[in-house]
Amino acid sequence: MAELHVLTGDCGERGVPLGSDPVTFGRGDACDVVLEEQRASRVHCTFRPDGDGWRVIDEGSSNGTFLGGKPVLSARLQPGDELEIGLTVITYVAEAVTPVRQRRVVEKRPAWGLLAMPVVLGFAAYLGLGAFESASAETRDKHLEEAARLAVTRADLPLQKEARTSILAAFEKQLPPPPAAFRARSVIASALAAGSAGETARDDSWRRALTDLRGAWDHMAPVQRRARLAELLERHMDNPDAVRAVKEQLERLVRGGRDRADGDQERTSRDAARAIAEGRLADALDLWSGRLLRAGALDRATERDVAARLDEILVLARAAAEKTLDESRRLTEGGDAAAAAAHVTAALERLRGTGYDAWLAARTGGKPTAQRGGVAVLDVARPGPSSTKERTIALRVLSSAEDLARLRRFDDAAARLGEALPSVTDHGLRGDLQMRLADLRAEAAVVRAVLAQVAETPRAFSPLRLPGGVYRVNGATSDALLIAKGEESAARTLGELPAAVLSHLFEKARLDDVQLRAAAIVLFDVGESEAYTATMRRALATDDDVVRNETSAVHARLLGRETPDGGYVPHPDADGGIITWDEFKEIQNREKIAEYTKELTKIVVAVETSKQAKQIERVRQAYAKLEAARDFALELIFDEVKYFYPYRDRMKEYMPVKLEVERRVKLVEDAWDSSAKTRPRIDAKMEGQLARAE
């Protein structure tokens with residue numbers, strides 16, 4: 001049975017078996033797997049069965065679901081795929097395995113702290129140690145590091161010198177298992193090393209840390225491995241041996257990633273070829289798209305290979321869609337509408353996500369299984385008050401209009417649809433047709449405007465690269481381009497030219513914001529996805545909020561989504577695509593967050609060097625002295641061999657031990673009396689610093 005391994009930011013881990021039902025992840029209590037993750041949405045994503053595998057679907061989350069470091073809306077999972085939701089890493093395992101890590105049970109130490117409770121409470125109240133309750137792994141690591149430093153101080157007291165190593169080792173045993181408590185382990189390792197002589201002792205510090213990391217290596221996600229190695233390298237940059245060892249571990253990480261990439265490429269190629277042979281073009285496209293998401297950067301040869309595979313799938317998808325359209329029309333003309341509808345429905349499932357499902361649906365009246373794309377399509381099975389005759393007529397008119405649009409004759413397509421619209425009485429059907437009519441009219445208007453600019457200044461649109469070579473643009477008519485190559489010249493309608501020509505014309509033309517939006521719809525309809533994104537980015541870059549909101553609604557409709565609050569905007573980076581307004585504000589805030597972080601760091605430094613910090617240090621030392629004395633007393637009190645009971649008939653042996661116990665308890669009382677007199681004081685300046693930090 002397949003399984004999901006869930007690794008949270010605080011290194012908690014669990015396995016989620018995958019059966020036959022979908023599994024939802026999110027912060028909401030209604031989800032199958034509830035995430036304690038700040039960046040997770042109430043319902044974040046869903047894992048659904050997909051044939052003999054599984055697919056992840058983002059449920060419109062605010063912060064996104066990431067596969068291979070890139071956001072993904074829907075993707076078929078491959079064994080070993082790692083998805084990230086904030087700090088949570090979810091690994092898809094095709095066959096469930098034994099859990100990779102078992103929690104270590106930490107034995108509780110004797111409750112010696114009861115005697116020191118007033119000091120602890122006072123100290124905790126001043127420093128706000130309620131942060132121990134935080135679910136943040138970073139906060140927990142910092143507090144464990146502080147506890148480790150306190151243990152080192154206690155071990156260095158004269159009273160503890162003889163047992164120093166055993167005290168530190170005992171503290172280390174009680175730490176959570178690797179990779180948690182990385183900093184605390186480094187503190188203890190450094191202290192143990194400092195107890196020896198020479199450079200070899202210092203070497204043990206990084207060696208122990210690296211040994212712990214290697215022990216946890218197989219149970220960590222790649223992003224966690226990189227973070228731990230980077231931290232270790234930063235701590236030991238002055239040690240050539242440490243740097244060399246860490247670099248070797250980094251090379252191992254890179255080699256492992258390269259081996260996985262090679263295996264992933266081979267597996268994807270094999271599975272996609274089988275899907276193509278079985279006619280499952282949508283699955284083949286998902287496989288290669290998932291490969292791109294997981295791969296990150298590709299070398300040029302691999303990139304060309306993947307691009308060729310994707311082109312092959314799209315060519316096959318178009319041929320399959322055209323063949324299905326012809327067969328559907330033949331069956332419809334023969335009076336077998338039910339067989340035609342079934343034939344189209346099966347084809348739409350096979351073409352899902354290729355873009356040609358929407359193309360086919362618009363020409364047959366079917367319903368794409370995924371997003372509808374840029375056209376308003378009619379679902380022939382949808383019940384409604386309209387008559388069968390009315391729906392049949394509307395379907396024929398829409399099919400005829402889409403045929404004209406496919407030839408880039410948007411004016412004729414709009415006219416054909418506009419003539420039929422007044423006779424449609426069904427409200428829902430009329431709304432669908434009106435939306436498509438508005439798109440066609442906008443597309444026709446922008447094409448006319450661009451051709452007029454070509455006729456006026458043809459040189460601005462040259463050169464034009466076509467499959468037959470590079471051509472000059474000599475002008476344009478109302479529906480054709482005048483092009484020339486050498487002495488050869490010709491007039492070519494837009495329907496005779498590749499769709500990429502429209503991308504070229506729109507890029508060179510002078511278009512306002514509304515025209516850019518219409519140009520983007522044209523590019524979406526003809527399948528020029530990259531050009532669509534670039535043009536829609538230009539349209540969304542307007543300073544007019546009303547126009548931007550209208551353009552955002554169009555973009556959401558084309559993608560089959562609800563328009564988000566605030567709409568869409570271009571990503572600040574040139575190649576960043578289109579993002580929501582909330583995502584844009586988050587990017588903007590990064591700079592401000594960095595500024596506040598720098599300011600807060602200054603406040604922390606000021607607090608750490610204040611007189612109150614020195615007073616707290618005295619409290620800490622007194623507390624450490626009390627803790628050491630308490631442990632020293634309990635060591636003998638709990639020794640059932642030396643401090644035996646019953647002691648009747650053994651008084652001669654018992655009395656020296658009893659006197660030693662009393663002496664040790666007296667040390668605790670003396671330390672308590674001394675500790676109780678030490679307390680920090682807060683003045684107005686400190687209050688101001690704390691208020692500023694807040």
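Of the residues Arg42, Arg55, the single one that is under 30 Å from Gly577 (Cα atoms), modelled with pLDDT of 85 or more and open to solvent by 30 Å² or more (accessible area, probe 1.4 Å) is Arg42. Specify the residue that is surrounded by the most Cβ atoms within 10 Å (Cβ to Cβ); the eligible residues are those in the range 573-594 that are modelled with pLDDT under 85 and assigned to a loop (DSSP other than H, G, I, E, B). So, considering only residues that are modelled with pLDDT under 85 and assigned to a loop (DSSP other than H, G, I, E, B), the one surrounded by the most Cβ atoms within 10 Å (Cβ to Cβ) is Gly576. Evaluation of Ala317 against the conditions (1) open to solvent by 30 Å² or more (accessible area, probe 1.4 Å); (2) modelled with pLDDT of 75 or more shows that the sole unmet condition is (1). In this entry, Arg330 passes the filter for residues that are part of a helix (DSSP H, G or I) and charged (D, E, K, R). Counting the residues of the range 501-546 that are among the charged types (D, E, K, R) and under 27 Å from the mean Cα position of the chain (by Cα) gives 4. Filtered by the rule that a residue be modelled with pLDDT of 70 or more and open to solvent by 20 Å² or more (accessible area, probe 1.4 Å), the range 191-214 gives Leu192, Arg207, Arg208, Thr211, Asp212, Arg214.
Within the range 16-32, not a single residue is farther than 30 Å from Pro176 by Cβ and assigned to a strand (DSSP E or B).
With respect to Val605, is the statement that it is at negative phi, free of Cβ contacts under 8 Å to residues at least 40 places away in the same chain and of a type in the set (A, V, I, L, M) true? In short, yes. Taking first residues from the range 653-665 that are farther than 14 Å from Arg630 by Cβ and partners that are part of a helix (DSSP H, G or I), the Cβ contacts under 8 Å between residues at least 6 apart in sequence or on separate chains come to Val657/Leu636; Glu660/Leu636.
Counting residues in the range 403-416 that are assigned to a loop (DSSP other than H, G, I, E, B), within 26 Å of Arg561 (Cβ to Cβ) and either modelled with pLDDT under 75 or open to solvent by 20 Å² or more (accessible area, probe 1.4 Å) (or both) gives zero. Here Gly431 passes the criteria (1) modelled with pLDDT of 85 or more; (2) within 22 Å of Arg517 (Cα to Cα); (3) under 39 Å from the mean Cα position of the chain (by Cα) except the one numbered (1). Of the conditions (1) of a type outside the set (A, V, I, L, M); (2) open to solvent by less than 60 Å² (accessible area, probe 1.4 Å); (3) at pLDDT 90 or above, Arg48 satisfies every one except a single condition; which number is it? So Arg48 meets the others, but not (2).
Yes or no, residue by residue, for (1) open to solvent by less than 70 Å² (accessible area, probe 1.4 Å); (2) assigned to a helix (DSSP H, G or I); (3) modelled with pLDDT of 85 or more; (4) among the small types (Gly, Ala, Ser):
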position	(1), (2), (3), (4)
Glu599	yes, yes, yes, no
Lys602	no, yes, yes, no
Tyr647	no, no, no, no
Arg663	no, yes, yes, no
Ser675	yes, yes, no, yes
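For the condition touching a helix residue (DSSP H, G or I) at 6+ places or on another chain (Cβ under 7 Å), modelled with pLDDT of 80 or more and among the charged types (D, E, K, R), what is the one hit in Glu322, Glu278, Glu327? Answer to the selection: Glu327. When Arg228, Arg258 are checked against the criterion of being modelled with pLDDT under 75 and open to solvent by 50 Å² or more (accessible area, probe 1.4 Å), a single residue qualifies: Arg258. Within the range 278-289, being open to solvent by 30 Å² or more (accessible area, probe 1.4 Å) and within 17 Å of Ala346 (Cβ to Cβ) holds for Glu278, Arg280. One residue stands out among those in the range 54-65 that are in contact with a helix residue (DSSP H, G or I) (Cβ under 9 Å, 6 or more places away or on another chain) and not polar (S, T, N, Q): the one that is farthest from Arg27 (Cα to Cα), which is Arg55.
Candidates are the residues of the range 614-645 that are among the acidic types (Asp, Glu) and over 19 Å from Ala151 (Cβ atoms); the one that is surrounded by the fewest Cβ atoms within 10 Å (Cβ to Cβ) is Glu640. Of all residues in the range 436-464, those that are without any contact (Cβ under 8 Å) to a residue 40 or more places away in the chain have Cβ atoms under 6 Å from Cβ atoms of residues that are open to solvent by 50 Å² or more (accessible area, probe 1.4 Å), 6 or more apart or on another chain, in Ala444/Asp411; Pro458/Asn474; Ser462/Arg472; Pro463/Val470.
The values are calculated or read from the model by the stated rules, or taken from the named source; none is laboratory data. Computed from a predicted structure; not experimentally measured. All Cβ positions, even for glycine, are placed from backbone atoms using ideal geometry, and neighbour counts span all protein chains on display. Heavy atoms of the whole protein, side chains included, go into the accessibility calculation; ligands, DNA and RNA do not. Shrake-Rupley method; radii C 1.70, N 1.55, O 1.52, S 1.80 Å.
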